[in-house]
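Here the structure is laid out as structure tokens; the discussion comes afterwards.
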Amino acid sequence: MKVNAYITIGFCMIIFGSLFGTVSYFVLSSTPLTSLGVSAIIIGCVLIAIGIGSPIGPPDISNLMFESSLENISALIEEMGLKSNAIYLPSSMVEKGPLALIPLKNTPLDAKITSKIPRRFIVKYGRGTEDLGILIATPGSIVARNNEIATTSTISDIEGLLNSIIANKMELADKIYVEESDNTLIIEALKPKFCEHQLLANKTLGSILTTIIASIIAEASGKPIMLHNEEKRRGKMIVKLKFLG
Amino acid sequence: MKPHDRYLLSLAAVFTLTIVVFSMYGENRLDLYFSLLVLEYFIITSLHSPFKNKTEKMLNCLGFVLFAIFIYIVINRILSILF
């Protein structure tokens, strides 16, 4: 097993703290120095915990797998001639977790999803004969599935949730701000990562960061949400998402 | 700066500051130092959470051990007052 620097330094800190604490307590009889040794042991344990949570495998492999799956989705979207923006659905509206729905026709802003959509590839989501779309899992679907997301309706709670998962846990942005105006959420991500548009799938689904933001918001609010607009400015990304129904 | 680096830095800074300030006041009770370190660990950890799943589990284990030692210190202190 390849050991990363955090784990190595962590073990060194624990050994140093143990020796220093023991000598300070029994030889020097100094309480402050003993507690310094104890604090070194605690920090050593924290370093090991962080090291264990950090990826040790080659990150290229996961990138390759991810890019290939995104290219497959892009090919599918291109072949089917889909041009409408994706609708992100919460787990309460679709079987087997939150997913993204890409309507075959242009995205209807007044689309009403009356019953729970079954987990299939091509699905009928409305009452009309043309209300057909394809259901796909995005990176955001997996993030929303793997994190416990409580239902909330306030903007401050949604902002806190996004910061907790995206900024603190996944480190995909430094800070996230959310504003609401006229049934539209405006999300500003500072120093975002994975926000490039390289493939056709990105036009429909948004960037990777957008799929994660949209899936989390859909799951937290329990409402379907559609990608409205996404733009990247210097050091930040602004995403506009519109609640449907 | 990455969030976990910020967490480590704040933990180290608070621990050092506590030890320096209390030693300046001539404090010599090891249980007091330890209790403060545990308290600070829990506060700073909760301020910087959530972490990645594996890190979270490991930190919970560490928190459990520290809390057990803290409880031992408290019981010891209560017994010394009573008897």
Legend entry - Flag if residue A:9 is under 39 Å from the mean Cα position of the chain (by Cα) and facing chain B (nearest Cβ under 8 Å): no
Legend entry - Selection count, the stretch A:178-195, where residues are under 27 Å from residue A:66 (Cβ atoms) and surrounded by fewer than 18 Cβ atoms within 10 Å (Cβ to Cβ): 5
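Can you tell which of A:102, A:113, A:77, A:166 is over 17 Å from residue A:214 (Cα atoms) and either open to solvent by less than 10 Å² (accessible area, probe 1.4 Å) or modelled with pLDDT of 85 or more (or both)?
Numbers: A:102 fails: over 17 Å from residue A:214 (Cα atoms); A:113 fails: either open to solvent by less than 10 Å² (accessible area, probe 1.4 Å) or modelled with pLDDT of 85 or more (or both); A:166 fails: over 17 Å from residue A:214 (Cα atoms).
The conditions single out A:77.
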Inset, instruction - Evaluate the following for residue B:73: is it more than 10 Å from every other protein chain (Cβ to nearest Cβ) and either in contact with a Ser or Thr (Cβ under 9 Å, 6 or more places away or on another chain) or outside any helix (DSSP H, G or I) (or both)? - result: yes
Legend entry - Contacts under 8 angstrom Cβ, first residue in the stretch B:8-19 being within 7 Å of another protein chain (Cβ to nearest Cβ) and part of a helix (DSSP H, G or I), partner of a type in the set (Phe, Trp, Tyr) and surrounded by 15 or more Cβ atoms within 10 Å (Cβ to Cβ), 6 or more apart: B:11/B:41; B:19/B:33
Legend entry - Unmet requirement for residue A:13, which otherwise passes all of (1) modelled with pLDDT of 90 or more; (2) in contact with a Ser or Thr (Cβ under 6 Å, 6 or more places away or on another chain): (2)
Legend entry - Matching entry among A:214, A:201, A:220 (being over 16 Å from the mean Cα position of the chain (by Cα) and open to solvent by less than 10 Å² (accessible area, probe 1.4 Å)): A:201
Inset, instruction - Could you tell me which residue of the stretch B:30-48 is farthest from the chain's Cα centre (by Cα), considering only residues that are polar (S, T, N, Q) and more than 9 Å from chain A (Cβ to nearest Cβ)? - result: B:46
Inset, instruction - Output the number of residues of the stretch B:49-68 satisfying the condition of being of a type in the set (D, E, K, R) and either open to solvent by less than 50 Å² (accessible area, probe 1.4 Å) or within 7 Å of chain A (Cβ to nearest Cβ) (or both). - result: 2
Legend entry - The lone exception for residue B:5 - which of (1) free of Cβ contacts under 8 Å to residues at least 24 places away in the same chain; (2) in contact with a Ser or Thr (Cβ under 8 Å, 6 or more places away or on another chain) it fails: (2)
Legend entry - When residues of the stretch A:49-70 are limited to those that are under 30 Å from residue A:12 (Cβ atoms) and modelled with pLDDT of 80 or more, the one farthest from the other protein chains (Cβ to nearest Cβ): A:51
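The values are calculated or read from the model by the stated rules, or taken from the named source; none is laboratory data. Note that the coordinates shown come from a computational prediction; the quantities given were computed from them, not determined experimentally. Cβ atoms come from the backbone with ideal geometry, glycine included; neighbour counts cover every protein chain shown. With ligands, DNA and RNA removed, areas are computed over all heavy atoms of the protein, side chains included. Shrake-Rupley method; radii C 1.70, N 1.55, O 1.52, S 1.80 Å.
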